[in-house]
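Written below as structure tokens is the structure these notes are about.
The values are calculated or read from the model by the stated rules, or taken from the named source; none is laboratory data. These numbers were taken from a predicted model, which means no experiment stands behind them. No Cβ is skipped: glycine too gets one built from the backbone with ideal geometry, and neighbour counts run over all protein chains shown.
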Amino acid sequence: MTATAFLKRSLAASFLLALSTAALAGDKVAVGGPAPDFRLMDQSGDWHTLEDYRGKWVALYFYPKADTPGCTTEACNFRDNIFAFREMGAEIVGVSLDDVEDQKAFAEKYSLPFTLLADTEGEVAESYGVLRNYGVMKLASRESFLIDPEGRIAKHYAKVDPDTHSEEVMADLKTLMTDGPAGGR
């Protein structure tokens, strides 16, 4: 086998492996499928699992870094709409790779009345397909998931605008609660 043929086969195998890995990651977070479970500490040092939210709608939003401009805007908009979400029986849960102390400082600084989870190892972000490795650091990409009361993913937001995301989630939640999961796909 020539070096060129070997290189072509290696590249083809790498490409197929990348495609299959991407497909497997996509399967983990498919709309209609089960939401990946988690067990993480919040800003107060209390443990949370997905099972804790069974029977409720959950807006699980991932953000890159506490107390940065876009993340602050997004969190404050969820804060400002918290009563509307609670009236609908929905929980807001934020997740980043920040530690418990950083989550606590962020929540206190902006009076955030919802759970912020510390995914310091990035395992939950990875299970939802939102972990990004930038060489010198890893971050969760700004993506969100609406999880239904049975623990299934009802909606995935791959593109999030921090200025309007809270209102978008609220509108979709109203639709999903009225029309069922098919209304949000």
TODO: Go through Ala84, Ala59, Ala25 for me and flag whichever is outside the structural domain of Ser141 (by TED's automatic domain parsing) and either within 16 Å of the chain's Cα centre (by Cα) or at pLDDT 95 or above (or both).
DONE: Ala25
Open item on the list: Show me the strands (runs of 3 or more DSSP E) entirely contained within region 115-174 in which 1 or more residues are aromatic (Phe, Trp, Tyr) and touching a helix residue (DSSP H, G or I) at 6+ places or on another chain (Cβ under 8 Å).
Closed with: 153-157
Open item on the list: I'm trying to understand the selection: among the residues of region 124-152, which are surrounded by 15 or more Cβ atoms within 10 Å (Cβ to Cβ) and acidic (Asp, Glu)?
Closed with: Glu126, Glu143, Asp148
- [ ] Look at Ala171 and say whether it is modelled with pLDDT of 95 or more and within 12 Å of the chain's Cα centre (by Cα).
- [x] no
- [ ] Identify the single condition in (1) surrounded by 15 or more Cβ atoms within 10 Å (Cβ to Cβ); (2) more than 22 Å from Ser166 (Cβ to Cβ); (3) in contact with a Lys or Arg (Cβ under 9 Å, 6 or more places away or on another chain); (4) in contact (Cβ under 8 Å) with a residue 40 or more places away in the chain that Gly32 does not satisfy, given that it satisfies every other one.
- [x] (1)
- [ ] Evaluate the following for Ser111: is it under 29 Å from Thr175 (Cα atoms) and either polar (S, T, N, Q) or not assigned by TED's automatic domain parsing to the domain that holds Ile147 (or both)?
- [x] yes
Task: Number of positions in region 50-83 that are in a loop (DSSP other than H, G, I, E, B) and among the charged types (D, E, K, R) - done: 4
